[in-house]
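Below: one structure, written as C-alpha cells.
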Amino acid sequence: MRTLRRDFPLHLMLVPGVILTLIYAYGPMAGIIMAFQNFEPLSGFFKSKWVGFDNFTYVFHLPDFNQVLWNTLLISIFKMILFLLVPLILALLLNEITKKWFAGLIQSSIFLPFFLSWTVLGGVIIELFSLNGPVNGLISLMGLKPILFMLNNDWFRGIIIGSDVWKGMGYNMIIMLAAITGINMSLYEAAEVDGGGKWKQMLHITLPGLAPMLILLGVLSLGNILNAGFEQILLMYNPTVYQGSDIIDTFVYRLGMFSQQFGPAAAVGLFKSIISLGLVSISYYAAYKYNNYRIF
C-alpha cells in the first residue's frame, strides 16, 4: 500500500492508455465467437446459428488456403533474414566512415523512409515499377523489353520484400550502430597493436560483439512470422498477383469484406492468432533463455 500511494500519480497516468487498450484491443476479441457461427449481421452474435468447427473445416479445404499460407511464410522469412542482414552490412560500413558529418547524412537518408507511411511509399513504388515508370525507362534504354513488374507474381513478390526491407532497414541499422558503440574500444586498440587490420577487427571483435543483439532481433522477429505486411500488400497488389502475394491478412480481408463470409474469415483470423501467440511465447522464452531479455 505504501508503494501504491507513492506511485499513485504514475498509475493514474496509465488509466487513459489502459482504457483505450481495453476498448480497441481486448473489446474486439469478443468477435472470436463468429469463428464458430454462421454469422449474419442482422441476427447478431446471439441469434446467429452455431456451427462448431465447420468454418475451420471449410477454410482449411479452400483451394487457395495452402497457397496463402505458403506466401505468408515465404515473404515473412525472407523479410526476417534481410531485416537482419542488410542493416548489419550498412552498420558495419557506416562504422568505418571517418567523416562524422558524412556518416550522419547517410544515416539520416537511410532512416528517412521509416517515417513515411505505406500510403505514400506504395504509390511511389507503383509509379517506379509501372510500365511507363523510370525503371522500365532504364530497361528500354538498354535495348531490353519492358517488364510488367506489378503484374508478374515472381517480380511483384520480390518488390514487396525489397521495398519493405528498404523502408525498415534504417531502424535496425540504428540499433546495431548503438550496439557497436558499446563495444570496448580497447579491444580494437589491442588488435591494432597485434597487427590486426580492419577486416580482422570486424571478424573477431565487431561481429562477436553484435552477436547478442543479432540473436535478440532474430528471436523476437520469430513472433511476427505470420505478419507479412498487410497494409503494404493491400495498397500495392491486384488480382493478377494474388497467387504470389496473397497472405493470411489480405485473404481474411477479402473473405470477410468482399465475400461477406464473416464466420470463415474469423476462423482464419483465430487460427493465425493462436499460431502467433505460440510463436511469440516461444520467441520471448528463447530471448530470455539465451540472451537474458525480458519484458517484465
- Note on the structure: Relative to the chain, whose Cα atoms define the longest principal axis, helix 118-128 and its Cα axis are tilted in degrees, nearest 10, by 70 degrees
- Task: List every residue whose amide H lies under 5 Å from the amide H of Q37, counting only residues 5 or more places away in sequence or on a different chain, with H placed 1.01 Å from N in the peptide plane.
- Result: V51
- Item | Dipole of region 9-114 [Lys/Arg +1, Asp/Glu -1 at C-beta], most positive-end residue of P113, L22, L84 | P113
- So which residue, out of S283, S108, S76, gets the largest mean-square fluctuation from a GNM of the chain using Cα contacts under 10 Å as springs? S108
- Message: Using 0.36 nm times the number of residues separating I81 and I106, minus their current alpha carbon distance, what extension gain do you get?
- Response: 6.7 nm
- For region 27-142, with only Lys/Arg (+1) and Asp/Glu (-1) charged at the beta-carbon, what is the dipole magnitude about the Cα centre, in debye rounded to 20? 280 debye
- Using a 1.4 angstrom probe, figure out how much accessible area the chain has per residue, in square angstrom, rounded to the nearest whole. 62 Å²
- Charge dipole of the chain built from unit charges on the beta carbon (Lys, Arg +1; Asp, Glu -1), centred at mean Cα; most positive-end Cα among A178, A266, F36 is A178
- Between the DSSP loop rule and a limit of at most 12 other Cβ atoms within 10 Å, which chymotrypsin sites (Phe, Trp or Tyr not before Pro) in region 41-117 are left? F53
- Query: Relative contact order (percent) for region 1-97, with alpha-carbon contacts under 8 angstrom and 6 or more residues of separation?
  - Reply: 14 percent
- Query: Normalised by the residues of the chain, what does the relative contact order come to in percent, with Cα pairs under 8 Å and at least six apart?
  - Reply: 27 percent
- Alpha carbon Rg of the chain, scaled by the compact-globule rule 2.2 N^0.38 Å: 1.26
- Message: Mean-square fluctuation check for the chain, GNM, Cα pairs under 10 Å: which of V59, V120, V68 is largest?
- Response: V120
- Item | Within the chain: Cβ-based charge dipole about Cα centre, in debye rounded to nearest 20 (Lys, Arg +1; Asp, Glu -1) | 600 debye
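The values are calculated or read from the model by the stated rules, or taken from the named source; none is laboratory data. What you see is a predicted model, and the numbers here were worked out from it, not measured in a lab. Cβ coordinates were reconstructed from backbone atoms using ideal geometry, including for glycine residues, and neighbour counts include every protein chain displayed. Only protein heavy atoms, including side chains, enter the accessible area calculation; ligands, DNA and RNA are left aside. Shrake-Rupley method; radii C 1.70, N 1.55, O 1.52, S 1.80 Å.
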